[in-house]
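In what follows, a single structure is set out as structure tokens and then discussed.
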Amino acid sequence: MEKFVVHGPCRLQGTVNISGAKNAAVAILPATLLVDGKCHLENVPDISDIRAYLEILESLGSKITYISKNEMIIDNSDVGSALASYDLTSKFRASYYLLGSLLGRFNSVQISLPGGCNLGARPIDQHIKVLEKLGAEVNVMHGNVYAKRTSKLIGVPIFLDVVSVGATINAILACTLADGITVLENVAKEPHVVDVANFLNSMGAKIKGAGTDVIRITGVESLKQNSSYSIIPDQIEAGTFMVAAAATRGDVLIKNCIPKHMEPITAKLIEAGATVIEEGSNIRVTMDKRPLPITVKTMPYPGFPTDMQPQMCILQALANGSSMIVENIWESRFHYTDELSKMGATISAHGNTAVITGVEKLYGSPVISHDLRAGAAMIIAGCVAEGYTEVYSIEHILRGYENIVDKFNGLGANIEYIKEGN
Ligand code: EPU
């Protein structure tokens, strides 16, 4: 069994470098399948979700040449099959991008129903709706999703019923090589949606409007090979360190981020009493007092990201007064509040709302990472708490944060990685 032991309390201080964005990389890797040739990728985060995706690509016939752990050339000229293994694709959510990319290139595709963090119901009806509108036949049976087409996918106007990151990106992937023009309305505007469009456009795709409510894709015959692309920095990793700096009343320079992407988080930190200064592609966060109470309502970008909700809750748990969280994206994202209660936090969560009565101190305790972002929150809580905090189920954290222990320890935290037994 693996665990982190966080010895608290500590004040985070210093400089941290942000890695490439997980949620862009998990879409760009399958997007490379649309190229019958080579792509060069930089700033790819070295995390377990990405290693799993690279394994899936290799199982499909991709040849991967590593220049470093964050830079590689992917050659998809020998990919001949669109049958992705159940074991590999059932492990994580983003395997659904193989539907759009493989159906863009081949006549049929089979993947398992996607797994991933347990955040409540995670339907894929909008992904299926998009593929069907483009002319594919899609069936979900025995835990697998099968999609096939008898001719090229054909661009049409499509209105998404809910704003979905995954369905927006899958639509972009499926339409890139389709015949004609697709107009996608009510789409997600997250930075990683824009990054996927920029990556495909750098190879000759014709995708306009990514980052707005309407995306227009004119299908092209093929994409150019031998392109080179650097993935954007991870908004949520940067946000995690911003909140960690404020929660520990520290002084941290977060390097290599895109301050524009951080605005919803920056605004809440300033409301809570932190000082946030943008310096080019860096952000400095300092805090020297107890946080003020704040209300957080999660929304699609440019609203406050659901993936920052558990981390921000640590600041609220320490605030001088009562705070509130309204979760508008995922139906069950509050499991972690029971773990924080073990550490002395006072939180009452019902339905999509949590009310947090701030306390002066948290105390170390054994806690579980219920999901990736909840795990990051447990680490921040452990840095704040008196005594030591054992964080279990850390495989969730390792899915999405590169070198998290070294990065926190580089700022003055004291976190041990411990592996017990076999
Ligand atoms: N939804 C539907 N039908 C669909 C798709 C989504 O009803 O076909 C609903 C969902 O139930 C949810 C809402 O739409 O209520 C938004 O879901 P979305 O599709 O945007 O989420 P996702 O693409 O599955 C991505 C991130 C998540 C992040 C969400 C929201 C990836 C691989 N995952 O998930 O990231 O929470 O967007 O921003 O990009 C994480 O990184 O920790 C993580 C969970």
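Using a ≥ b ≥ c from the Cα gyration tensor of segment 22-230 (square roots of the eigenvalues), is it rounded, prolate or oblate, where a/c under 1.5 gives rounded and otherwise the larger of a/b and b/c decides, a/b for prolate? Since a/c stays below 1.5, the shape of segment 22-230 is classed as rounded. Among the trypsin sites (Lys or Arg not before Pro) in segment 209-298, those placed in a DSSP loop whose Cβ has at most 13 other Cβ atoms within 10 Å are K224, K289. Highest-first packing order for the peptide set 363-373, 2-12, 132-142 is 363-373, 2-12, 132-142, based on the mean count of other beta carbon atoms within 10 Å. Computed over segment 179-322, the percent of Cα pairs more than 26 Å apart is 37.
Pulled fully out, how much extra length does the chain show between T346 and E360, if you take 0.36 nm times their separation in residues and subtract their Cα-Cα distance? Numbers along the way, then the final one.
On the way: separation 14, 0.36 × 14 = 5.04 nm, distance 1.08 nm.
Result for the pair: 4.0 nm of gain on full extension.
Which aspartates and glutamates, on any chain, are close to K289 with Cα under 15 Å apart, when same-chain ones fewer than 8 places away are left out? Of all the aspartates and glutamates, those that pass the test against K289 - Cα under 15 Å, at least 8 places apart if same chain - are D251, E271, E360.
Viscosity 0.890 mPa s, temperature 25 °C: what is the translational diffusion coefficient of the chain from Stokes-Einstein with a Kirkwood Rh over Cα pairs, rounded to a whole number of µm²/s?
Numbers: Rh = 21.9 Å.
Translational diffusion coefficient: 112 µm²/s.
How big is the convex hull of the Cα atoms of segment 127-173, per residue, in Å³?
Working: hull volume 3.8 nm³, N = 47.
That works out to 80 Å³ per residue.
Between segment 360-422 and segment 35-90, the C-alpha centres lie 29 angstrom from each other. Using the Cβ-Cβ distance between M1 and D338 with R0 = 25 Å, the FRET efficiency computed as 1/(1 + (r/R0)^6) comes to roughly 0.80.
Placing a label point 7 Å from the Cα of D87 along the Cα-to-Cβ direction, the residues of segment 41-80 whose backbone N falls under 13 Å of that point are 56, 59.
Bear in mind that the values in this text are calculations on the coordinates, not laboratory data. None of these values were measured; they are calculated from a predicted model. Every residue, glycine as well, gets a Cβ built from its backbone with ideal geometry; the counts of neighbours run over all protein chains shown.
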